[in-house]
Amino acid sequence: MLHAFVFSLSNKMSLARGTAVVFLLFALYCGLDPFEHSPIAKFPDFEAKKVDIPPWSEVPNDTDKQNLLQNSEIKFLNQVQGPESIVFDPLGRGPYTGLADGRILFWNGQSWFDFAYTSPNRSLCTPIEAATPFSYVKTEHICGRPLGLRFDKKTGELYIADAYLGLMKVGPEGGLATSLATEAEGVPLRFTNDVDVDTEGNVYFTESSTIYQRRNFIQLVFSGDDSGKVLKYNPTTKETTVLVRNVQFPNGISLSKDGSFFVFCEGAIGRLRKYWLKGEKAGTSEILAILPGYPDNVRVNENGDFWVALHCRRYMYAYLNGLYPRIRKAILKLPIPTKIQYLFQIGGKQRGVIVKYSPEGKLLQILEDSEGKVVRAVSEVEEKDGQLWIGSVLMPFIAVYKL
């Protein structure tokens, strides 16, 4: 009996020691991350900041119970990789869209035509068979990555926010774009994102970060970095000035229909902000709307309302991560691959959400594909002739939804 008891006790102690060793090794593995699986393993200076998130009770909980975006038609599947921005020229032709391989394409009604490009260094940028929008990440700083696109309705010139090459423009005939701005206040632009142009030719654009480039946008999202800016380029003086600074991931920008203000998206916070250009409030900004998710681009329609593309809805996990940066950084240090950490942030899988707001900030409409069956990770919504043209920086197609 005594022998059996001692044997049993010895087994339990061995099991306890074995468990302790396994736990110690696991803790050591998590702490050292020898295979650099952590999203911030290659970012020794990574800093996590608190995100200026509005109270959870103020976040809209409206939903599209009919999942109307599932009625969208997918067009140009695998013909366009990562079409973030979609525009039509002053004659109504198009669409035009910028791709992950650095080209800007024009749809002439029958086929895609190479319209323009932002970098002259195209030797490494040949379209890859069976490519995805991620296939070009390693070379996009060489090939250029056109994001926001806008036409000057008077001149027909196309303004381009290239993530790496700054603010650019190309004439109505296309070709190699001309550089307009690569720095502001002596600081080089590192992540130019979206652009709009007023009737006088003044150009307004966003820089998402002065620290992170577009190829590290996941780390930018995780960091809560507040070095973003909203800028203005004066075509007469050729000067670039900062209008708004210390913004947490500024993204889309759009002038109002009457040009009295513009709105821009605070991507990390999930807000739409209004900046006054005319009137007594000129030069000041205010919150226009708290969004149900995290925005990418915003576009005005003919009625003066704003369509906002949401990359994803706001979920409690991401909300709490925003409030507690130390906990967020500790989680990001774990050897959990970036893709998994990203899925945690967006609620498990990619979905599609689009919202429309009035110029006064009233939520007018919400369209959704909560299952991500058809529309996912929306980057931009362009309304034309009763249809919404939907782009995505992560998808290989354009979706069209009939209103």
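The values are calculated or read from the model by the stated rules, or taken from the named source; none is laboratory data. These numbers come from a predicted model, not from an experiment. Cβ: placed from backbone, ideal geometry, glycine included. Neighbour counts: every protein chain shown.
Of all the strands (runs of 3 or more DSSP E) wholly in segment 293-403, which have at least 3 residues that are under 20 Å from Val51 (Cβ atoms)? Let's see the steps before the verdict.
Values: elements: 293-300, 306-313, 352-357, 363-369, 380-384, 387-391, 398-402.
Counting at least 3 such residues, we get 293-300, 306-313.
Looking at segment 42-80 only, could you name the residues that are within 30 Å of Ser227 (Cα to Cα), in contact (Cβ under 8 Å) with a residue 12 or more places away in the chain and among the small types (Gly, Ala, Ser)?
Taking segment 42-80 first, the residues within 30 Å of Ser227 (Cα to Cα) are 42-61.
Checking the rest, the ones that are also in contact (Cβ under 8 Å) with a residue 12 or more places away in the chain come to 43, 46-54, 56, 58-61.
Listed by number, the list holds a single entry, Ala48.
Among the residues in segment 121-140, are any in a loop (DSSP other than H, G, I, E, B), touching a residue at least 24 places away in the same chain (Cβ under 8 Å), crowded, with 17+ Cβ neighbours inside 10 Å and under 17 Å from the mean Cα position of the chain (by Cα)?
Yes - at least one qualifying residue is present in segment 121-140.
Checking Thr63 against (1) at pLDDT below 95; (2) touching an Asp or Glu at 6+ places or on another chain (Cβ under 7 Å); (3) not basic (Lys, Arg), only one condition comes out false. Which one?
So Thr63 meets the others, but not (1).
Could you list, in sequence order, the residues of segment 322-333 that are surrounded by 16 or more Cβ atoms within 10 Å (Cβ to Cβ) and either in contact (Cβ under 8 Å) with a residue 60 or more places away in the chain or within 17 Å of the chain's Cα centre (by Cα) (or both)? Lay out the reasoning, then the answer.
Quick first cut of segment 322-333, residues surrounded by 16 or more Cβ atoms within 10 Å (Cβ to Cβ) only: 322, 325, 328-329, 331-333.
Matches in segment 322-333: Gly322, Pro325, Arg328, Lys329, Leu332, Lys333.
Could you tell me whether Ser179 is of a type in the set (Ser, Thr, Tyr), surrounded by fewer than 15 Cβ atoms within 10 Å (Cβ to Cβ) and out of contact with any helix residue (DSSP H, G or I) (no Cβ under 6 Å at 6 or more places or on another chain)?
So Ser179 fits the description; yes.
Take the residues of segment 145-173 that are in a loop (DSSP other than H, G, I, E, B) and under 18 Å from Glu380 (Cβ atoms): which is farthest from the chain's Cα centre (by Cα)? Quick ask: steps written out before the conclusion?
As a first pass, look at segment 145-173 and keep what is in a loop (DSSP other than H, G, I, E, B): 145, 152-157, 163-165, 171-173.
From the residues that got through so far, the ones that are under 18 Å from Glu380 (Cβ atoms) too are 145, 163.
Details: Arg145: 13, Ala163: 11 Å.
So the residue we want is Arg145.
Testing Gly361 on (1) in contact with a helix residue (DSSP H, G or I) (Cβ under 9 Å, 6 or more places away or on another chain); (2) over 15 Å from Arg299 (Cβ atoms), one condition comes back false. Which one is that?
Gly361 satisfies all of (1) in contact with a helix residue (DSSP H, G or I) (Cβ under 9 Å, 6 or more places away or on another chain); (2) over 15 Å from Arg299 (Cβ atoms) except (1).
When both residues are 6+ apart or on different chains and their Cβ atoms are under 8 Å apart, which pairs have a first residue that lies in segment 384-403 and is without any contact (Cβ under 8 Å) to a residue 24 or more places away in the chain and buried (at least 22 other Cβ atoms within 10 Å of the Cβ), and a second that is basic (Lys, Arg) and outside any loop (DSSP other than H, G, I, E, B)?
Filtered contacts from segment 384-403: no entries.
Does segment 174-194 hold any residues that are part of a strand (DSSP E or B), within 27 Å of Gly156 (Cβ to Cβ) and of a type in the set (A, V, I, L, M), and which are they?
Leu176, Leu180, Ala181, Ala184, listed by residue number.
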